[in-house]
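See below for the structure under consideration.
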Amino acid sequence: MEKVVYITGGTKGIGFGVAEKLVEAGYRVAISGRDLDTAKKAAAKIGKEEVIIGLASDVRELDSEKTAVAEIKAHFGRLDVMIANAGLGVFGNIRDLRPEDWHKMIDTNLTGVFNSIKASVEDLIANKGYFISIASLAGINFFEGGSGYNASKFGVVGFTQSVMLDLRAEGVKTTTILPGSVTSNFNNHSPDLNKDAWKIQPEDVGELIVDLLKMNHRALPSKIEIRPTQTANMLK
């Protein structure tokens, strides 16, 4: 039976690249974003509703994620893989970081991951499935101007590793992926295929996840760092 994957934040960037690769590999996929029309249009770029659907969900709200999971099961009949990818960043000196920006990052990047696994965990257990969170190298390396983002991503790494220990006895595999520089729309960046060619591409993360899902169930890569082979400075 074809396995079903749910990707939050799947309308662009890493999430969209992962969705493309999973559909190519024969998985059925649901992607979500906060705007339904945007999610549907993104899904339509990849394939027909037989293989991919777009949903509206706000990962900051548990009930919203529960509704998304219910819609996925109503459409595809099951859920096997949860990929918690939705995230955002606001950067600047702690003196300038606004409380609302702090809460936006924590609520989306960290609480959103909690809500995604809470909404899907019983299905993952029933199907001996897979939970994957997209963290960041910022989850193990702090940097100036990144206090809120670092806090959220350090939290994702610790949270996901603990969930891995909670669920492994249930037959659920859990991995957190820590990408470095990725060509995407993150932080209002407009990708430039020439200037950004040295960076990890969203489809690279997609290929990694396809490989993870193909691995024998007995093998569990619980934390994976992925970074560009070279940096922009090396190419000058």
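Any idea what the dipole of region 17-158 comes to, in debye rounded to 20, about its Cα centre with Lys/Arg Cβ at +1 and Asp/Glu Cβ at -1? Working shown, then result.
On the way: 17 positive and 19 negative charges, 43 e Å.
Dipole size: approximately 200 debye.
Of the residues Thr160, Thr11, Thr38, which exhibits the maximal mean-square fluctuation in a Gaussian network model of the chain defined by a 10 Å Cα contact cut-off?
Comparing Thr160, Thr11, Thr38 in a Gaussian network model of the chain, the most mobile one is Thr38.
Pull up all non-local amide H partners of Thr174: gap of 5 or more, or a different chain, and H-to-H distance under 5 Å with H placed in the peptide plane.
Placed amide hydrogens put Phe131 under 5 Å from Thr174.
Going from the alpha-carbon gyration tensor of the chain, what semi-axes, largest first and in whole Å, does one get by taking the root of 5 times each eigenvalue?
After scaling each eigenvalue by five and taking roots: 26, 20, 19 Å.
Helix-only estimate, please: 222 nm mean residue ellipticity of the chain, summing -39500 (n - 2.57) across DSSP H runs of length 4 or more and dividing by its residues, to the nearest 500.
Result for the chain: -13000 deg cm²/dmol, rounded to the nearest 500.
Which of Ile209, Phe159, Ile7 sits closest to the plus end of the dipole of the chain, meaning its Cα is farthest towards the positive end, when Lys and Arg get +1 and Asp and Glu get -1 on the C-beta?
Highest projection toward the positive end goes to Ile209.
Among His103, Ala70, Ser222, whose Cα sits farthest toward the positive end of the charge dipole of the chain (+1 at Cβ of Lys/Arg, -1 at Cβ of Asp/Glu, about the Cα centre)?
Positive-most Cα among the choices belongs to Ser222.
Could you work out how much longer the chain between Glu225 and Arg78 gets when fully extended? Use 0.36 nm per residue separation minus the Cα distance between them, nm to one decimal.
Answer, rounded to one decimal: 49.9 nm.
Springs between alpha-carbon atoms under 10 Å, Gaussian network over the chain: tell me which of Pro99, Pro202, Pro221 tops the mean-square fluctuations.
Pro99
Quick one: 3J(HN,Hα) in Hz for region 78-89, Karplus 6.51/-1.76/1.60 with θ = phi - 60°, rounded, Gly and Pro as x.
So the Karplus estimates, Gly and Pro as x, are 6, 9, 10, 9, 10, 10, 8, 10, 4, x, 8, x Hz.
Mind checking the full-extension length gain between Ala44 and Glu203? Use 0.36 nm per residue of separation minus the Cα-Cα distance, one decimal, nm.
Going from the current span to full extension adds 55.5 nm.
Once R0 is set to 25 Å, what does the formula 1/(1 + (r/R0)^6) return for the Cβ-Cβ distance between Ala126 and Met215, expressed as a FRET efficiency to the nearest 0.05?
0.75
Charges on Cβ only, +1 for Lys and Arg, -1 for Asp and Glu, centred on the Cα centroid of the chain; of Ile117, Trp198, Phe131, which one is farthest towards the dipole's positive end?
It is Trp198.
When the chain is modelled as a GNM with alpha-carbon springs shorter than 10 Å, which of Arg78, Arg95, Arg60 fluctuates the most?
So, out of Arg78, Arg95, Arg60, the one fluctuating most is Arg95.
Please give the FRET efficiency for Leu165 paired with Leu137, using the beta carbon to beta carbon distance and R0 = 22 Å, rounded to the nearest 0.05.
It comes to 0.45.
Readers should treat all values here as calculations from the given coordinates under stated rules, not as data from a laboratory. Just so we're clear, the structure is a prediction, and the values are computed from it rather than from any experiment. Glycine gets a Cβ as well: all are built from the backbone with ideal geometry, and neighbour counts include every protein chain shown.
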